[in-house]
1. Does Ala43 qualify as being modelled with pLDDT of 95 or more, of a type in the set (Gly, Ala, Ser) and surrounded by 12 or more Cβ atoms within 10 Å (Cβ to Cβ)?
2. Please count how many residues of segment 50-85 are within 26 Å of Gln107 (Cα to Cα) and under 22 Å from the mean Cα position of the chain (by Cα).
3. With the requirement that a residue be over 21 Å from Asp167 (Cα atoms) and either of a type in the set (S, T, N, Q) or without any contact (Cβ under 8 Å) to a residue 40 or more places away in the chain (or both), what does segment 125-147 give you?
4. Of (1) within 27 Å of Glu31 (Cα to Cα); (2) surrounded by 15 or more Cβ atoms within 10 Å (Cβ to Cβ); (3) polar (S, T, N, Q), Thr117 satisfies all except one. Which?
5. Take segment 96-114 and flag every residue that is surrounded by fewer than 13 Cβ atoms within 10 Å (Cβ to Cβ) and of a type in the set (Gly, Ala, Ser).
6. Which members of segment 134-150 meet the condition of being within 17 Å of Asp105 (Cα to Cα) and small (Gly, Ala, Ser)?
Amino acid sequence: MRRYPWLLLFLVAVTGCGAGSGGVESEACTEIGAPTGVGVDVAAPIAGKVTGGTLEVCWDGECVRRDLQLMNSTEAGDTTCTGDGPTDACSAQLGENGRKNAFVDVQNLPQAPVRATLTLTGADGQVLQQEAEATPAATYPNGPDCPPGGVQAHLVVDASGSVQQRD
């Protein structure tokens, strides 16, 4: 009989160790990740002329060249709802928007300025070749209070063919 009070005290102590301070749980960081590399967005009407391309990224005397697998970009269209109550449903049609995008893995991408050379090609040959400077940064897919994901930069080709880093 004397063992049971000690067992009860032990269980209470162990259970109390799991409680957060002040009864408030801290935000959990999930295992979601983010790849390291460079994203490219091509605006219409240039995207309509483009069938492929390459991206070369250089820093500290090292260059990495990757083929672009350009995909048609999409966006949500008009939204329709069955009502405005909390149990009603809404939907939207997804449709192509005339733009194209790609993402290329670039391992060891630094969080420092890099020089990117983007070459876009079409059925009639080269559509665009332009250099741009970008500064990759760590991503935080779980929010700023969690560890970072991959280091990324993002380039945008506007309708006039100018290439710049997206902020």
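The values are calculated or read from the model by the stated rules, or taken from the named source; none is laboratory data. For clarity, every value in this text was computed on a predicted model and none was experimentally measured. Quick reminder, even Gly has a Cβ in these numbers, built from the backbone with ideal geometry, and neighbours come from all protein chains shown.
1. Judged against the criteria, Ala43 is a match.
2. Residues that pass the stated criteria total 18.
3. Once the filter is applied, which keeps residues that are over 21 Å from Asp167 (Cα atoms) and either of a type in the set (S, T, N, Q) or without any contact (Cβ under 8 Å) to a residue 40 or more places away in the chain (or both), segment 125-147 yields Gly125, Gln126, Gln129.
4. Of (1) within 27 Å of Glu31 (Cα to Cα); (2) surrounded by 15 or more Cβ atoms within 10 Å (Cβ to Cβ); (3) polar (S, T, N, Q), only one is false for Thr117: (1).
5. The answer is Ala112, and nothing else.
6. Ala134, Ala137, Ala138, Gly149, Gly150
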